[in-house]
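**Student:** The structure's right below; bear with me while I get my questions together.
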Amino acid sequence: PLEAAGIHSLGAAIDATNLSNIEFGQPTHTFDADTIKGAIRVRESEEGEMAWPLFAEKAISLPVGSLVIADDEKILAIAGVIGCEESKTTTATKRIVLESACFEPVSVRKTARALGIHTTSVARFERGADPELVLVGAGRVVHLLEMHGWKRTSETTLVGDWVDPVRMMEVLPHKLNAFLGTELSEGEIALRLERYGFRCLLDAGSMHVRTPPHRLWDVDRVADLYEEIAKSVGYNNTPISLPMIDRGAVPSEAEDKKEIIDELLVGMGFYEVITDGFYGNGLFSKLGLPESHVLNQHVETLNALERGYSFLKNNALLQAVSAVSKNVKRHFFHIKMFEWTRVFIPNSTAENGVCSERKLLWGAVCGEERPGLWTNDSRKSDILFLKGVVEELGTLLRLPLVLEKSNPQSILHDTLHPYRQASIRLHGDVVGILGEIHPDICLRFKLKKQRPCYFEIDEAALFTPSQPLSYQVPDATQPLSRTISFALPQGLQAGDIQIILDRFCSQSKVNDIYPFEEDGQPWRSITYEVRFRNADGTLSADFVNNELMKMIAAVETSFGKIGVYQR
């Protein structure tokens, strides 16, 4: 039998255990009795404890809490997994100790996976062994050895005797037939279950089923019995039909808003993408962040199959610029993409004790805003384009989304161009950010001639209840407007000037931007249009001119020291 199973003879003691395993499915193990020091105990491994598994070159460290069989000095076997070299039987063995047990499947599986060891014993125990076969398997080994000259010299010792819990479950044939779509009689159901070792007791239209010991590990509810019947009938032989639905579900307000946002972005040329929820340190290092940066804190997976997927993502920008890079490498230069996703922020006070999740919408653009036009319009998809996207979202959702100067404390501040980024606010709270990807990051992703831009907004902010529609009666007379220009050095934002102008007028906006050089340094000439309400038609030109002079004085007082002046 051993040769038929492809197992080589390793001596009478080991051959007997292998044959018993083949015949009954009950693993057993023999120890050289002369190598055992003191009493044999079944216990959990301790911190730093070592064991020397069979066929291994040296001793290995065991995970704390692994079930082991040990004497007073050493570990004799890793329970349910493998024996150890220091207690193995050899051709010189004169006395043996025979061990037979039933170990908990999950414990065996965890230990075997942690050690990277797979044996026939593991294959049996991790699927659930039969507790009633422990003595049967041991008795078979004893019988085989006694047939070949060995003699039993002591009584059997029981450690942790097992008692059958007598698990009974009630099966109602009409519910089973409704679940599977079959028309099986009570007798046929009982016959099919008894083929698998279940014991059925019929009593006045009800059926009680007793789970056999070897199935206690995986059959503990009525649904498991339904599955056994389905396997007996054959999945392909059960009726295939869709369940009856009385009525459809009305989309929620959040679902409606999501569809509106999707349609807006698709209409502006965006494509929805799906990125991974994981990345590795190799990709993350391309951000070039210092070790003290908050983004270096990740929830790390300990059992990742690939090192490139060992971190749960704590930001969406990394995979956004990675997606842009992959498209550019394939010569797709005009890119607009968006994704609904979530990021995982390490947080020991969160409900799960590990991290908190933040849902968000992000988008990335690169290349021309509207490629392929017959007019050869080569306007780029830049942060002004993203500004328009945010404004369109605010208008469509009736939310007061506004852009303000970026906060240096933002976790993405260092990943964006220091002078080409802005915070997105809703009711005074920061709910997102937009900006141009930092040039250093672009170089690390080999985007030498590209200037991709990125935005993200919290999903909760977008799903905030919309403001009610209102109508404001326009003034009977047109407002008075003037234009005023200032020269700004590199690094000063146009919005900083606009904040001061808004103190004196009802509305201001940027009309024109003209770059120029002064003393070899890049400057910009910003032209603003300022408006003054004239509701009753009494506003005079002299008043407006005086307000303009106040504006100029206020701007030069605040920024004159860094070179700002009126042009």
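**Student:** Those residues that are of a type outside the set (F, W, Y), part of a helix (DSSP H, G or I) and in contact with a helix residue (DSSP H, G or I) (Cβ under 6 Å, 6 or more places away or on another chain), I need them from region 106-132; list them, please.
**Tutor:** As a first pass, look at region 106-132 and keep what is of a type outside the set (F, W, Y): 106-124, 126-132.
Next, only the ones that are part of a helix (DSSP H, G or I) stay: 106-115, 120-124, 131-132.
Of everything in region 106-132, those that are of a type outside the set (F, W, Y), part of a helix (DSSP H, G or I) and in contact with a helix residue (DSSP H, G or I) (Cβ under 6 Å, 6 or more places away or on another chain) turn out to be V108, A112, V122, P131, E132.
**Student:** Let me ask you something else. Is it the case that region 361-370 has a residue that's within 27 Å of L295 (Cα to Cα) and open to solvent by 40 Å² or more (accessible area, probe 1.4 Å)?
**Tutor:** Within region 361-370, none of the residues are within 27 Å of L295 (Cα to Cα) and open to solvent by 40 Å² or more (accessible area, probe 1.4 Å).
**Student:** In region 414-437, how many residues are open to solvent by less than 40 Å² (accessible area, probe 1.4 Å) and either more than 17 Å from C366 (Cβ to Cβ) or of a type outside the set (G, A, S) (or both)?
**Tutor:** Looking only at that region, the number is 14.
**Student:** Still on this structure: Looking only at residues in region 36-58 that are more than 19 Å from E104 (Cβ to Cβ) and in contact (Cβ under 8 Å) with a residue 60 or more places away in the chain, which one is most open to solvent (accessible area, probe 1.4 Å)?
**Tutor:** I36
**Student:** Residue by residue through region 271-285, note down the ones that are surrounded by 17 or more Cβ atoms within 10 Å (Cβ to Cβ) and either among the aromatic types (F, W, Y) or over 20 Å from the mean Cα position of the chain (by Cα) (or both).
**Tutor:** Answer for region 271-285, where residues must be surrounded by 17 or more Cβ atoms within 10 Å (Cβ to Cβ) and either among the aromatic types (F, W, Y) or over 20 Å from the mean Cα position of the chain (by Cα) (or both): F278, Y279, F284.
**Student:** Give the residue that is modelled with the lowest pLDDT, with candidates limited to residues of region 150-174 that are touching a helix residue (DSSP H, G or I) at 6+ places or on another chain (Cβ under 8 Å) and farther than 27 Å from V42 by Cα.
**Tutor:** If we take residues in region 150-174 being touching a helix residue (DSSP H, G or I) at 6+ places or on another chain (Cβ under 8 Å) and farther than 27 Å from V42 by Cα, then P173 is modelled with the lowest pLDDT.
**Student:** Among the numbered conditions (1) open to solvent by 80 Å² or more (accessible area, probe 1.4 Å); (2) assigned to a loop (DSSP other than H, G, I, E, B); (3) under 18 Å from T28 (Cα atoms), tell me where V163 comes up short.
**Tutor:** Result: V163 fails condition (3) only.
**Student:** Could you grab the pairs with beta carbons closer than 6 Å, sequence gap of 6+ or different chains, first residue in region 151-168 and in contact (Cβ under 8 Å) with a residue 12 or more places away in the chain, second one part of a loop (DSSP other than H, G, I, E, B)?
**Tutor:** The qualifying pairs are R167/T211.
**Student:** Just for region 497-531: of the residues that are touching a residue at least 40 places away in the same chain (Cβ under 8 Å), of a type outside the set (F, W, Y) and touching a Lys or Arg at 6+ places or on another chain (Cβ under 7 Å), which one is surrounded by the most Cβ atoms within 10 Å (Cβ to Cβ)?
**Tutor:** For region 497-531, the residue satisfying everything is V530.
**Student:** Within region 269-282, can you find the residues that are over 30 Å from P371 (Cα atoms) and outside any loop (DSSP other than H, G, I, E, B)? Spell out how you get there, then give the answer.
**Tutor:** Here is the first cut: in region 269-282, the residues over 30 Å from P371 (Cα atoms) are 277-282.
Once the filter is applied, which keeps residues that are over 30 Å from P371 (Cα atoms) and outside any loop (DSSP other than H, G, I, E, B), region 269-282 yields F278, Y279, N281, G282.
**Student:** Condition test on D220, is it more than 30 Å from R41 (Cα to Cα), assigned to a loop (DSSP other than H, G, I, E, B) and not hydrophobic (A, V, I, L, M, F, W, C)?
**Tutor:** Judged against the criteria, D220 is a match.
**Student:** Also, quick follow-up: Could you list, in sequence order, all residues of region 9-35 that are among the hydrophobic types (A, V, I, L, M, F, W, C), touching a Gly at 6+ places or on another chain (Cβ under 9 Å) and either more than 16 Å from R95 (Cα to Cα) or surrounded by fewer than 22 Cβ atoms within 10 Å (Cβ to Cβ) (or both)?
**Tutor:** If the condition is that a residue be among the hydrophobic types (A, V, I, L, M, F, W, C), touching a Gly at 6+ places or on another chain (Cβ under 9 Å) and either more than 16 Å from R95 (Cα to Cα) or surrounded by fewer than 22 Cβ atoms within 10 Å (Cβ to Cβ) (or both), then A12, F24 are the ones that fit.
**Student:** Of the conditions (1) part of a strand (DSSP E or B); (2) surrounded by fewer than 23 Cβ atoms within 10 Å (Cβ to Cβ); (3) touching an Asp or Glu at 6+ places or on another chain (Cβ under 7 Å), R451 clears all except one; give me its number.
**Tutor:** (1)
**Student:** Quick one: N177 ticks every box in (1) under 26 Å from E227 (Cβ atoms); (2) touching a residue at least 24 places away in the same chain (Cβ under 8 Å) except a single one, so which number is it?
**Tutor:** (2)
**Student:** Right, another one. For D220, only one of the following conditions fails: (1) more than 29 Å from E126 (Cβ to Cβ); (2) without any contact (Cβ under 8 Å) to a residue 60 or more places away in the chain. What is its number?
**Tutor:** (1)
**Student:** What pairs come up if the first residue lies in region 424-451 and is closer than 16 Å to L386 by Cβ, the second is among the basic types (K, R) and crowded, with 18+ Cβ neighbours inside 10 Å, and their beta carbons are under 9 Å apart, counting only those six or more places apart or on different chains?
**Tutor:** Partner pairs satisfying both residue conditions: G435/R420; E436/R420; E436/R451; I437/R451; R451/R420.
**Student:** Look through L265, L295 and report the one residue that is touching a Phe, Trp or Tyr at 6+ places or on another chain (Cβ under 6 Å) and assigned to a helix (DSSP H, G or I). I'd like the intermediate steps shown before the answer.
**Tutor:** Numbers: L295 fails: touching a Phe, Trp or Tyr at 6+ places or on another chain (Cβ under 6 Å).
Sole residue among the options that is touching a Phe, Trp or Tyr at 6+ places or on another chain (Cβ under 6 Å) and assigned to a helix (DSSP H, G or I): L265.
**Student:** Out of region 139-160, which residues are within 55 Å of the chain's Cα centre (by Cα) and either among the hydroxyl-bearing types (S, T, Y) or part of a loop (DSSP other than H, G, I, E, B) (or both)? Steps first, answer last, please.
**Tutor:** So the first thing to find is which residues in region 139-160 are within 55 Å of the chain's Cα centre (by Cα), and the list is 139-145, 155-160.
E155, T156, T157, L158, V159, G160, listed by residue number.
**Student:** Here is a follow-up. Just give me the residues in region 308-326 being open to solvent by 10 Å² or more (accessible area, probe 1.4 Å), within 11 Å of L283 (Cα to Cα) and assigned to a helix (DSSP H, G or I), in sequence order.
**Tutor:** Result: G308, Y309, Q319, S322.
**Student:** Would you be able to say whether some residue in region 548-559 is open to solvent by less than 30 Å² (accessible area, probe 1.4 Å) and not aliphatic (A, V, I, L, M)?
**Tutor:** No, there is no match, as no residue in region 548-559 is open to solvent by less than 30 Å² (accessible area, probe 1.4 Å) and not aliphatic (A, V, I, L, M).
**Student:** Just one of S485, S466 is outside any loop (DSSP other than H, G, I, E, B) and surrounded by fewer than 17 Cβ atoms within 10 Å (Cβ to Cβ); which is it? Don't jump to the end; show me each part of the working.
**Tutor:** Working: S466 fails: outside any loop (DSSP other than H, G, I, E, B).
Of the residues listed, the single one that is outside any loop (DSSP other than H, G, I, E, B) and surrounded by fewer than 17 Cβ atoms within 10 Å (Cβ to Cβ) is S485.
**Student:** Within region 394-403, is even one residue open to solvent by 40 Å² or more (accessible area, probe 1.4 Å) and either at pLDDT below 90 or closer than 13 Å to I433 by Cα (or both)?
**Tutor:** Yes, some residue in region 394-403 is open to solvent by 40 Å² or more (accessible area, probe 1.4 Å) and either at pLDDT below 90 or closer than 13 Å to I433 by Cα (or both).
**Student:** Let me ask something else. Would you pick out the residues in region 188-226 that are in contact with a Leu (Cβ under 9 Å, 6 or more places away or on another chain), open to solvent by less than 70 Å² (accessible area, probe 1.4 Å) and farther than 12 Å from M169 by Cα?
**Tutor:** Hits for region 188-226 are I189, A190, R192, L193, G205, P213.
**Student:** For region 300-311, which residues satisfy the criterion of being under 24 Å from F445 (Cα atoms) and in contact with a Phe, Trp or Tyr (Cβ under 8 Å, 6 or more places away or on another chain)?
**Tutor:** E300, G308, Y309, S310, F311
**Student:** Among (1) touching a strand residue (DSSP E or B) at 6+ places or on another chain (Cβ under 7 Å); (2) open to solvent by 90 Å² or more (accessible area, probe 1.4 Å); (3) in a helix (DSSP H, G or I), which single condition is N236 missing?
**Tutor:** All conditions pass for N236, except number (1).
The values are calculated or read from the model by the stated rules, or taken from the named source; none is laboratory data. Here the structure is a predicted model, which means the values were calculated and not measured. In this analysis, Cβ positions are derived from the backbone assuming ideal geometry, glycine residues included, and neighbour counts consider all displayed protein chains. These accessible areas exclude ligands, DNA and RNA; they are computed on the full protein's heavy atoms, side chains included. Shrake-Rupley method; radii C 1.70, N 1.55, O 1.52, S 1.80 Å.
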